[in-house]
């Protein structure tokens with residue numbers, strides 16, 4: 001527990017700087033590095049499950065995927081991101097024709113590669129899209145252009161997202177460990193309980209209220225709490241998805257990068273579903289185009 005706490009405290013300042021004050025190019029670079037770290041552990045889990053994957057192409061495609069929103073913003077072509085996704089979906093099975101001459105290995109190679117690109121690359125692309133869309137977002141109940149401490153445009157909703165996800169994880173862990181009795185999804189993650197899951201949801205509501213009350217004062221409280229619940233539920237599904245992947249590979253952790261926390265993928269598994277959930281919510285609310 002001590003290692004877990006120390007690691008978290010050491011990571012908070014650089015993460016806060018990257019989200020709130022870093023220039024856009026540095027934020028995109030940090031997100032690309034996050035994609036590479038996560039894909040590295042994901043591909044290792046795939047190999048442990050006896051899947052053959054296109055690691056080199058997967059790394060390149062994941063970086064391109066998360067950089068696409070930045071290029072779309074600079075070019076003024078919002079459809080560029082969609083075109084990038086479609087191009088990558090066509091490229092992977094095409095490259096596999098030459099890289100995997102044995103037809104029996106074809107599907108088993110392209111499926112996990114494509115999933116990894118979308119699972120990790122596309123979720124990170126949502127973070128970039130929200131951050132860069134802040135300056136041109138439409139007026140709405142969750143303003144992306146307002147924030148405390150002179151945050152850069154689009155940084156406040158990302159900070160909101162991370163705090164909601166982290167609070168949900170912490171509340172679920174503490175309550176589930178102390179009073180959790182009813183298994184939540186034993187086939188995938190035997191230690192998760194309904195008590196912990198509900199506590200995580202309650203924690204996300206509490207943090208959303210505090211964040212709007214003290215930080216995101218231009219946001220509608222009711223809408224923010226609803227979005228927090230939606231993001232937290234998506235994050236819990238993301239946690240289960242990564243647990244299923246690890247269970248298939250017969251691994252307890254995705255890696256050993258972070259002392260006390262396991263692998264890097266273990267720390268962002270909820271975020272991989274939470275970020276797209278936030279992006280979808282902002283689209284539905286009419287804040288993003």
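Every read-out reported here was derived from the displayed coordinates using simple, explicitly stated rules and does not represent laboratory data. Since the structure is predicted, the reported quantities are computational estimates derived from the model, not experimental observations. In this analysis, Cβ positions are derived from the backbone assuming ideal geometry, glycine residues included, and neighbour counts consider all displayed protein chains.
Going by the alpha-carbon gyration tensor, a ≥ b ≥ c the square roots of its eigenvalues, is region 184-289 rounded (a/c under 1.5) or, if a/c is not under 1.5, prolate (a/b greater than b/c) versus oblate? Let's see the in-between values first.
Values: a/c = 2.11, a/b = 1.91, b/c = 1.10.
Taking the square roots of the gyration eigenvalues as a ≥ b ≥ c, region 184-289 is prolate.
Please tell me the relative contact order of the chain in percent, rounded to the nearest whole number, where contacts are Cα pairs under 8 Å and at least six residues apart.
Working: 425 pairs, mean separation 61.3, N = 289.
Answer for the chain is 21 percent.
Using only Cα atoms, figure out Rg for region 2-284 and give it as a multiple of 2.2 N^0.38 Å.
On the way: Rg = 19.0 Å, N = 283, 2.2 N^0.38 = 18.8 Å.
Output field value: 1.01.
Return the calculated 222 nm mean residue ellipticity for the chain, to the nearest 500 deg cm²/dmol, obtained by summing -39500 (n - 2.57) across DSSP H runs with n ≥ 4 and dividing by the residue count. Walk me through the numbers on the way to the answer.
Details: 10 runs with 205 residues, N = 289.
Per the formula, -24500 deg cm²/dmol.
Taking a ≥ b ≥ c as the square roots of the eigenvalues of the Cα gyration tensor of region 37-183, is the shape rounded (a/c under 1.5), prolate (a/b larger than b/c) or oblate?
Details: a/c = 3.28, a/b = 1.27, b/c = 2.59.
Judged from the Cα gyration tensor, region 37-183 comes out oblate (a/c at least 1.5, b/c at or above a/b).
Estimate the FRET efficiency between residue 11 and residue 36 by the formula 1/(1 + (r/R0)^6), using the beta-carbon distance for r and 25 Å for R0, to the nearest 0.05. Kindly include the intermediate steps, with their values, before the conclusion.
Numbers: r = 17 Å, r/R0 = 0.69.
In this case the efficiency is close to 0.90.
For 252, 192, what ranking results if the residue with the fewest other Cβ atoms within 10 Å of its Cβ goes first? Could the numbers behind the result be given before it?
Values: 252 10, 192 23.
The order, fewest Cβ neighbours first, is 252, 192.
Given the Cα-Cα distance of residue 241 and residue 170 and 0.36 nm per residue of separation, how much length would full extension add, in nm?
Values: separation 71, 0.36 × 71 = 25.56 nm, distance 1.84 nm.
Extra length available between residue 241 and residue 170 comes to 23.7 nm.
Give me 242, 105, 195 ranked fewest to most by other Cβ atoms within 10 Å of their Cβ, as a rough exposure proxy. Kindly include the intermediate steps, with their values, before the conclusion.
Numbers: 242 26, 105 14, 195 18.
Fewest-to-most Cβ neighbours within 10 Å comes out as 105, 195, 242.
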